[in-house]
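Below: the structure, in structure tokens.
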Amino acid sequence: MSKSKIKNKKAGVPAKAAVQRKPAAKAAPKPKAKVGKKPAPQAARVVKAAKVPAEKPTSKAPAKKPAPPVKKAAVAKKPTVSAKKPAPAPVKAAKAAPAKSAPPSKKAPIPAKKAPPAAKAAPAPAARVVIVPPPPPEPPPPPKPAPKAAPPSPKTVLSMTAGEAIAPPKPPVVSTEKPQAAKSGALYYDSHMHTPLCKHAWGEPEEYCAQAVKAGLKGIIFTCHCPMPDGFWPSVRMAESEFDLYISLVQRARDAYSGKLDVCLGIESEYFPGYEKYIEGLHQRADFDYCLGGLHWQAKEYLNKYEQGTIEGFRRTYFEHLAASAETGLYDCIAHPDLVKNYHPDSWCFAIIKNTVATVLDRIAKTGVAMELNTSGLNKSYSEMNPGNEMLRMMAERKIPVVIGSDAHKAHRVGEHFVTALNNLAEAGYEEVSHFKKRQRIDLKISDVISSIKKAADANA
């Protein structure tokens, strides 16, 4: 039988006839048996012809011993390729024959490449072995670039002032949990107060807690002035060696008022251009609920570096730094935003600085960082909350979140003027006021906060 088939080949009989005889003989019972049994030699030749560019079979194609290559071709070639496209098999064989009319086996790869277009014409699943030889190299490349293009490249964030790379700022997180009032009905927190470690505050933390309960508050956040390196303005802040002591003082107050008041750990972190990396590391040293950015024009270091030119020029520099501090992404909120009006307070005129403030607020609004309404401004040389009502309206127009803080350096100032501050917010156009817990912003309706303060204060009177 094998000799007659060889004669047919030499006589120019199309390969298709040889392939069709093969399925008729043993393809009907078991298509897979063709690979292991003797009838496969003829198909093996077809496979060999298609696989000439791949391996040794090219030289052995005209050889008398077709059996060994059959097993190698059938076993070596992965039926996985044929599984993907079973139909094109017979067509490939059909086109391989006319190409073989010329004796040289090198022309075999040409029909193999031309097979894809003709594959659609014949849907015969019989000669799966034939489809194995041509693994097209071009189809794999297209799918690979698609997944590679999908993932976006990470963003690099630079310090706005020092030009030094810092960790990408975390986008502000707003808590989705609905806050529950304390047993007294209290809802809100005083988010800015100090301890004696800052060297210009009086009273133990427990005294601040006692006043918070009387003021109708649900909780308080201690935000003492952070330590700073290089001896930066040391007379108004805890020393580096006192950082752990500060954390223990807050913990002591928390334990003492457990079940009565929610006592939280925060920090007022100084902003001074060039110290961003230090502040970033500081915020990782404790599990803070709240990181408040403090820009203080009063610092000797700040005055020495930036007090140049006119008074208005110095104030503009201060506001520019206010925006830069928000853009670092290091802080949850910016403290006492217009504190610089106490620099030569007799000459303060908001109308002169308004355009600069508008640009600065636009920048801050893009960051999502909150701004503080600091009630202690009523006790300063320019007797007005920080910020004043006109700037507060500009903040409301830009939907900048607001947190109220007393900035208490004495216990009796905790929660001071909070109802007035809430009314100022409402008049400016705000409907909500915020505070932070675990560095997530919590928004509350102003009307709910006002009523909760009054009810809780009456209950604790």
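Can you pull the one-decimal nm distance between simple spin-label points at Lys305 and Lys199, each 7 Å off the Cα toward Cβ?
1.9
7 Å from Cα along Cα→Cβ at both Asp448 and Lys366: what's the point-to-point distance in nm?
In this crude spin-label approximation the distance works out to 3.3 nm.
Mind sorting Leu197, Leu322 by how few other Cβ atoms lie within 10 Å of their own Cβ, fewest first?
Ranking Leu197, Leu322 by Cβ neighbours within 10 Å, fewest first, gives Leu197, Leu322.
Determine the relative contact order of the range 184-460: mean sequence separation of Cα pairs under 8 Å and six or more apart, normalised by residue count, in whole percent.
24
Quick one: which residues, 5 or more positions from Arg441 or on another chain, have an amide H under 5 Å from its amide H? H modelled 1.01 Å from N in the peptide plane, none for Pro or chain starts.
Amide H neighbours of Arg441, under 5 Å, 5+ apart: Val173, Val174, Ser175.
Using θ = phi - 60° and the Karplus relation 6.51 cos²θ - 1.76 cosθ + 1.60, list the HN-Hα couplings for the range 263-280 in order, rounded to whole Hz, with x at every Gly or Pro.
For the range 263-280, the Karplus curve yields 9, 10, 9, x, 8, 9, 8, 5, 10, 8, x, x, 10, 4, 5, 5, 5, 4 Hz.
Of the listed pairs Lys199/Lys341; Lys260/Lys455; Lys199/Lys410, which have alpha-carbon separations greater than 18 Å here?
Exceeds cut-off: Lys199/Lys341.
Within the range 272-307, which trypsin sites (Lys or Arg not before Pro) sit in a loop by DSSP and count at most 14 neighbouring Cβ atoms inside 10 Å?
Qualifying residues, ordered by number: Arg285.
Report, largest value first, the span of the C-alpha coordinates of the range 184-460 along each principal axis, in whole Å.
So the three principal-axis extents are 53, 45, 32 Å.
With labels modelled as points extended 7 Å from the Cα through the Cβ direction, what inter-label distance (nm, one decimal) is found for Ser241 paired with Gln298?
Calculated label separation equals 2.6 nm.
Across the range 454-459, in residue order, what do the Karplus-derived ³J(HN,Hα) couplings come to in whole Hz, using 6.51 cos²θ - 1.76 cosθ + 1.60 with θ = phi - 60° and x for Gly and Pro?
5, 5, 5, 5, 5, 5
Using 0.36 nm per residue, how much length does the chain from Ala459 to Glu397 gain when fully extended, once their Cα-Cα distance is taken away? Could you put the intermediate results ahead of the total?
On the way: separation 62, 0.36 × 62 = 22.32 nm, distance 3.63 nm.
So the extension gain works out to 18.7 nm.
May I ask you to sort Cys291, Cys209 by Cβ crowding, counting other Cβ atoms within 10 Å and putting the fewest first?
Neighbour counts put them in this order, fewest first: Cys291, Cys209.
Could you order peptides 341-351, 266-276, 416-426, 441-451 by the average number of other Cβ atoms within 10 Å of their residues, highest first? Before the final figure, lay out the partial values.
Numbers: 341-351: 14.4, 266-276: 22.5, 416-426: 18.4, 441-451: 16.8.
Those peptides, ordered most packed to least, come out 266-276, 416-426, 441-451, 341-351.
We did not get these values from a lab; they are worked out from the coordinates using the rules stated. None of these values were measured; they are calculated from a predicted model. Every residue, glycine among them, receives a Cβ derived from its backbone with ideal geometry; neighbour counts consider all protein chains shown.
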